[in-house]
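Structure first, commentary second.
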Amino acid sequence: MEKLINDFSFGLFFWQIIIFVLLLLLLRKFAWKPILNAVNDREEGIKNALDSAEKAKLEMQNLQADNEKLLQEARAEREVMLKEAREIKAKMIADAKEEAKAEADKTVAQAQAAIESEKKSAIAELKQQVASLSLEIAEKVVKHELSDKDKQLKLVDEMLGDAKLN
Amino acid sequence: MYFCTDFKDTVICSKMQRKTLVRILSVLLFITSFSAVAQDEHTAEAKEILPEGKTKKEEIKEFINHHLMDSHDFNLFGSTDEETGKIHHYGFPLPVILWDGGLHTFMSSEFHHGENVVESNGNYYKLYHSKIYRTDAEGTINYDEDHHPTNVRPLDFSITKSVLMMLVVGLLLVWLFTSLAKSYAKNGSLPKGLGRFFEPVVLYIRDDIAIANIGENKYKKYMPFLLTVFFFIWFLNMFGLTPLGVNVTGNIAVTTALAIIVFLITTFTGTKDYWKHIFDPLGDGMPWIGKIFIYIILVPIEVLGMFIKPFALLIRLYANMTAGHVVMMSLIGLIFIFKSWIGGPLSFGLAFAIMLIELLVALLQAYIFTMLAALYFGFASESHEHHEEHEGEIQHL
C-alpha cells in the first residue's frame, strides 16, 4: 500500500484527466455522434424497408384475395346466367310447343269447318241435282204415266215425300 | 496407433498402446531430469556476483520494477559497455515540467539517466529511481531508516513516457474514429475498411453493454464516455504488450483518474431514485421507527458502496495489467537465468502462451471496466418504474 501511494504520480494523474476529458469531448463531437447517428439511421432505414416490404406483402395478399373474390363472383354470376338461359330455353320451347299446338288445333278446326261447309254445299248441290234428276225422272215418268192424272199426282206426292226423308 | 476392431487384434493393440505410453513417459522423465540438472547448474551460475555487486536475479527484479514505473525518457533499449561497465541508453528524451515555487522546464536528457544534477532557476534536481527530487548542488539524497529518500519532491507535470503514450493513443483514436465517421458520411452509412472491424465493437458496446445495463431510454447520454473509455483502455493495453514496453493502464494514477471520472459521472447523473436508494433503501415499505435501527447500519454501507465501486474499478485494472507485465517480464527474465537450450525455449514457450492470454486480458479488462461503468451508470439513472418494481418485490417478500 505504501508503495502504491509512493508510486502515485500526481503529474500523470493530472495529464490523464486532461487528455481523457479532451479526448472524450473531441470524439463525442467528431466521431461517436456521427457514427452512432449513421448506424441508427441505417438501422431505421432497414427497419422501414422491412416494414414497407411487409406492408407490400399484405397489400399483395389483399389484392389476391380481392381477385379471388371477384373471380368467384364472376363464376357465380355465370352460373346464374347459365341457369337463367336454360330456364328461358325450356320456357321458349314449351311456349313454342303450346303455340304450335294451338295453331294446329285452330287449323284442324278450320279444316273441319271447311269440310263441314263443303259437305253442306255438296249435299245441297246433290239435293238440287237429285231434285232436278228426280224432276227429269218424274217428267219421264209423268210423260209415261200421264194418262191417268190422279195416279200421276199421287205418285209425285209419294216421290217427294220419299225425297224429303232422304 | 490404430483402432482395435477385432478380438484377435486386441492383444497386440494393447501391447502397442502400452509401448507408446512407456515411450512418452520416458521422454518426459528424461526432459524433466535434464532440466532439473540444468536448473541446478544455472542457479549456481546466477548467484555468481556480477560486477555491480548484484546477482542476476536481483538485476532482473530491478529491471521489472523499473519497467512497471513511469519514466522520464523514452528508452528503446540499452547496452552495457564491456570495458567501462557503463550503460548506454538508446531512445529519446522527453520534456520535464516541474512546479516548485515557479515553473521549471528542461529536457530529461539533462539528467543523463540519474547521473547528473540539473540546475534550473536556482534549484537543483536529481533523478532517483524514476522520480525527481530537489537536492543541493552536489545532488545528495538523504534517506530515512527504511532507505526512502526524504528530499522534497516538486510537483511533477512532466510529459513522461506514459503521458506521451496517452497522447499518441488519443491522437490515434481521434484519427481512426473521425475517419470512420467521415467514411459513413461518404459511403451512405456503410462501414468500409477498418470500420468493418470497429463497427461490430461499437455496436456491441451499444447493445450489450449500454442498452443492457442502462436501458433503452437513457443509454445515449453515456455512450460517448463508454466508447471512449473502452477504446482508450484497450489500445493502451495493446500498446503495453508491444516491445515499447509502456505500462500505462498498469499505473495507479491513470486508473485512479479513470475511476474518478466514473464516480463523478455516476454522482452527477444520479436520479432522485438513486439517492433515495442510498439514503432510504427500504422506501415506504416500513414504518420510520423500524427503519432507524436498520438505517444506522444500512445507510453507511450504501454510502461506502458509492466509493467502493469506483475504487474496485481502479484496483482491478491496475492489478490485472501490472500482474500481466510482471509475469511476462519474469518469463522473459527466466531465459537469461537458465542459459540452457532447454530452459530458453521452455520459458520462451511459456512467455508466448502468456502473451496470447495477455492479448485476451487486454480486451477483457477494457470490457470489464466499460461493463462495470455502464452498470454503475445504470444504477445512477434508475428510473421510477424500476423503483416501483423493487417496492413490489419487497412487499411481495
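Each reported figure results from applying straightforward, stated rules to the coordinates on display, with no laboratory input. All values reported here derive from a predicted model rather than from experimental measurement. Glycine gets a Cβ as well: all are built from the backbone with ideal geometry, and neighbour counts include every protein chain shown.
Please list, in order along segment B:260-276, the HN-Hα scalar couplings obtained from phi with the Karplus expression 6.51 cos²θ - 1.76 cosθ + 1.60 (θ = phi - 60°), rounded to whole Hz, x for Gly and Pro.
5, 4, 4, 4, 5, 5, 4, 5, 7, 9, x, 7, 4, 5, 5, 5, 5
Between A:VAL21 and A:THR107, what is 0.36 nm times their sequence separation minus the Cα-Cα distance? Round to one decimal in nm. All intermediate terms of the calculation are to be shown ahead of the outcome.
Working: separation 86, 0.36 × 86 = 30.96 nm, distance 12.28 nm.
Length difference between fully extended and current span is 18.7 nm.
If I model a spin label as a point 7 Å beyond the Cα along the Cα-Cβ vector, how far apart are those points for B:TYR128 and A:ASP51 in nm?
Here the answer is 7.1 nm between the modelled labels.
Tell me, in nm to one decimal, what length is gained between B:LYS272 and B:VAL303 on full extension, where the rule is 0.36 nm per residue of separation less the Cα-Cα distance? Walk me through the numbers before you get to the answer.
Details: separation 31, 0.36 × 31 = 11.16 nm, distance 1.50 nm.
Gain on stretching B:LYS272 to B:VAL303: 9.7 nm.
Of all the Cα-Cα pairs you can form in segment B:162-396, what percent are over 25 Å apart?
Numbers: 15004 of 27495 pairs.
The answer is 55 percent, as a whole percent.
Using only the alpha carbons, work out the radius of gyration and Dmax of segment A:46-166 in angstrom.
Over segment A:46-166's Cα set, Rg and Dmax evaluate to 45.0, 147 Å.
Given points 7 Å out from each Cα along the Cα-Cβ axis, report the B:THR140 to B:SER179 separation in nanometres with one decimal.
With each label placed 7 Å out from Cα toward Cβ, I get 5.7 nm.
Using only alpha carbon pairs under 8 Å that are at least six residues apart, calculate the relative contact order of segment B:87-159 and give it in whole percent. Don't skip to the end; give the middle numbers.
Details: 117 pairs, mean separation 21.3, N = 73.
Worked out over segment B:87-159, it gives 29 percent.
As a quick test, which of the pairs B:LYS276/B:LYS309; B:LYS56/B:LYS126; B:LYS182/B:LYS218; A:LYS33/B:LYS276 have an alpha carbon distance above 22 angstrom in this structure? Working shown, then result.
Details: B:LYS276/B:LYS309 18 Å; B:LYS56/B:LYS126 27 Å; B:LYS182/B:LYS218 26 Å; A:LYS33/B:LYS276 32 Å.
Correct reply: B:LYS56/B:LYS126; B:LYS182/B:LYS218; A:LYS33/B:LYS276.
Which lysines, if any, have their Cα less than 30 Å from the Cα of A:LYS55, not counting same-chain residues under 8 positions apart?
Within the straight-line cut-off, A:LYS55 pairs with A:LYS47, A:LYS69.
Hey, can you grab everything whose amide H is under 5 Å from the amide H of B:MET107? Only 5+ residues off in sequence or another chain; H modelled, so Pro and N-termini drop out.
Residues meeting the criterion, in which the H sits 1.01 Å from N, are B:VAL96.
Where a Cα-Cα gap under 23 Å defines reach, which lysines qualify for A:LYS101, not counting those fewer than 8 residues away within the same chain?
A:LYS89, A:LYS91
Roughly what percent of Cα-Cα pairs across segment B:87-159 reach past 14 Å?
58 percent
Using packing as a proxy for protection, rank B:167-176, B:152-161 so that the peptide with the highest average count of other Cβ atoms within 10 Å comes first.
Values: B:167-176: 16.2, B:152-161: 19.6.
So the peptides B:167-176, B:152-161, ranked by packing, come out B:152-161, B:167-176.
Which entries in the list B:LYS61/B:LYS161; A:LYS119/A:LYS143; A:LYS143/A:LYS164 go over 32 Å, if you measure between the two C-alpha atoms of each?
Long pairs (Cα-Cα over 32 Å): A:LYS119/A:LYS143.
How about segment B:303-368: which chymotrypsin sites (Phe, Trp or Tyr not before Pro) there lie in a loop by DSSP and see at most 12 other Cβ atoms within 10 Å? Present the calculation step by step, with values, prior to reporting the outcome.
Details: sites: B:PHE307, B:PHE311, B:TYR318, B:PHE336, B:PHE338, B:TRP341, B:PHE348, B:PHE352, B:TYR367; in loops: B:PHE338, B:TRP341.
Passing sites in segment B:303-368 are B:TRP341.
Please compute the modelled spin-label separation between B:LEU356 and B:THR105, points set 7 Å along Cα→Cβ, answer in nm with one decimal.
In this crude spin-label approximation the distance works out to 4.8 nm.
Once phi is turned into ³J(HN,Hα) by the Karplus curve 6.51 cos²θ - 1.76 cosθ + 1.60 with θ = phi - 60°, what whole-Hz value does each residue of segment B:156-167 show in order, with x for glycine and proline?
Rounded to whole hertz, the list is 10, 9, 5, 7, 7, 4, 5, 5, 4, 5, 4, 5.
If the chain between B:LYS220 and B:MET286 were fully stretched, how many nm would it gain, using 0.36 nm times the residue separation less the Cα-Cα distance? Walk me through the numbers on the way to the answer.
On the way: separation 66, 0.36 × 66 = 23.76 nm, distance 3.57 nm.
Gain on extension, B:LYS220 to B:MET286, equals 20.2 nm.
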